[in-house]
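Okay, so here's the structure we're looking at.
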Amino acid sequence: MGKTTGFLEYKRQLPPNKPVEERIKDYKEFVLPASKINIEKQAARCMDCGVPFCHNGCPLGNNIPDFNDMVYKENWKAAYKILISTNNFPEFTGRICPAPCETSCVLSINKEPTAIELIEKNIIERAFNEGWVKPNIPLIRTNFKIAIVGSGPAGLAAASQLNSAGHRVTVFERANRIGGLLRYGIPDFKLGKKIIDRRLDVMAEEGIEFKPNFNVGVDFSIKDLLGEFSAILLTGGSTIPRDLKAEGRGLKGIQFAMDFLTQQNKRIAGETVPESMSVLAAGKNVLVIGGGDTGSDCVGTSIRQGAKSVTQIELLPKPPVGKNEKMPWPEYPVVMRTSSSQQEGCERFWSVQTKQFIGDAIGNLKAVKLVDIVWNKGGFEEVKGTEREIPCELALLAVGFLHPQHAGMLEKLGVELDEKGNVKTRKFHTSKDGIFAAGDMRRGQSLVVHAISEGREAAREIDIYLTGTSVLDSKNHSLINIR
């Protein structure tokens, strides 16, 4: 490494966010730019640690010390080439990844880790600004046609990889626009949709065909799909939400979190949300049930819509403030975290169960009955005397997803499912010849960075299936010569 004492000389320093009172007035990204000098100093903090555990911490196996070293040496173009050799979309992961690589950083044992996510984001943004991001158009095309069903991060990553191998790729998406979870599930204040469109323009120039508003199994028969394409990759995501069985569940004003977030993203994009289906938090007491990332996104969206109050509850106990002996390095620790949305104005409570939804005379939600719980080896039990009602006109269920949608395409294809209801695979092959699956549809609800990794690995398996070998790299085995 170029600066072996950098971790001693420089402190971790992230760029500030816009003040809360400013950023909640719109849905734009609010992280302020970082200076080139500061990014290079942050890259200099990367230790010459011998065994870079960040490689294993990253689901993509990014060559993190190498691109950090290039940034420190002000060779940003080389850093960009290193980064994209393992990550098709660093502009996404640099914004919305929880950065497991940073918790695996050797420096994090007793200091703050290298700001890997910040460096990654700035490498790709500089690459776009400098014109280094160019279409990777294959010199030779094969005769193989591949259908990818689902345009989320797994599908897009697979499309990029398979197209680079010379195959002809068509991406089908049943929604109005391409992007899947990136487009409709993540708020614009975390990922501006111009960032997605910028990448899609490059991919279209590379020869990838996109077909939105195309519901496979409805607009395109399964028979035709199987007849036209040499291989099919299913990347439709985990879309069936987990419900909450409590008295009063049928009242008006109880909404699945992803439906609520999707509506707002559509409004910002200029798409129409039917009045009869529209759900807004403006002027309401909002209860977000679920303490994960989706719940946090509901908090930030509700605040921007003008909610009267926002409360977030979690069934699990409150995590510890710092790491302990039960969470040894380099494992990703379950510790107390506060998101940018939660910092904007939200009451949070842990070990709380939803007992009952309470409605008014015409069936609208007006309150929710909660109770504290205590966890033990057999599960949990209620704490006597802690039942209370809180005013609530909008309850958002952010309690996770069960599995992909079975009705329609999956049933017609006849692919085997696992015990959790996900598509069962072996090396990304489903039970049907020539049909593959990747991402949340295969592994269950997970992170965007895992989806990108799955798309890349599935692409390699498809390439081998079609040609008997593959020029595509596998995790930790990039074939691109940087230097």
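The values are calculated or read from the model by the stated rules, or taken from the named source; none is laboratory data. A quick note: this is a predicted structure, and the numbers were derived from the prediction, not measured. Methodologically, a virtual Cβ is constructed for each residue, glycine included, from the backbone with ideal geometry; neighbour enumeration extends over all protein chains shown.
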- [ ] Could you check, for the range 259-268, whether at least one of its residues is touching a strand residue (DSSP E or B) at 6+ places or on another chain (Cβ under 9 Å), surrounded by fewer than 17 Cβ atoms within 10 Å (Cβ to Cβ) and assigned by TED's automatic domain parsing to the domain that holds Gly179?
- [x] no
Task: Residue count, the range 159-183 (criterion: of a type outside the set (Lys, Arg) and over 16 Å from Thr467 (Cα atoms)) - done: 13
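Give me the residue from the range 348-364 that is of a type outside the set (Val, Ile, Thr) and farther than 21 Å from Val374 by Cα and, out of that set, surrounded by the fewest Cβ atoms within 10 Å (Cβ to Cβ).
Ranking the qualifying residues of the range 348-364, first place goes to Ala361.
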Open item on the list: Of the residues Pro33, Pro15, only one is without any contact (Cβ under 8 Å) to a residue 24 or more places away in the chain, part of a loop (DSSP other than H, G, I, E, B), under 30 Å from Ile303 (Cβ atoms) and in the same structural domain as Tyr80 (by TED's automatic domain parsing); which?
Closed with: Pro33
Task: Elements of type helices (runs of 4 or more DSSP H) contained in the range 82-192, each with 3 or more residues being under 30 Å from Thr272 (Cβ atoms) and under 17 Å from the mean Cα position of the chain (by Cα) - done: 90-96, 153-164, 181-184
Task: Odd one out for Ile390 among (1) in a helix (DSSP H, G or I); (2) in the same structural domain as Ser309 (by TED's automatic domain parsing) - done: (1)
- [ ] Go through the range 282-340 and give me each residue that's buried (at least 21 other Cβ atoms within 10 Å of the Cβ), closer than 19 Å to Asp26 by Cα and in contact with a Phe, Trp or Tyr (Cβ under 8 Å, 6 or more places away or on another chain).
- [x] Cys298, Gly300, Thr301, Arg304
Open item on the list: Residue under question is Gln255, and the condition is that it be under 16 Å from Arg177 (Cβ atoms), in contact (Cβ under 8 Å) with a residue 12 or more places away in the chain and of a type in the set (S, T, N, Q); does it hold?
Closed with: no
Open item on the list: Of everything in the range 300-356, what is under 30 Å from Ile109 (Cβ atoms) and assigned to a helix (DSSP H, G or I)? Give them in sequence order.
Closed with: Gln342, Gln343
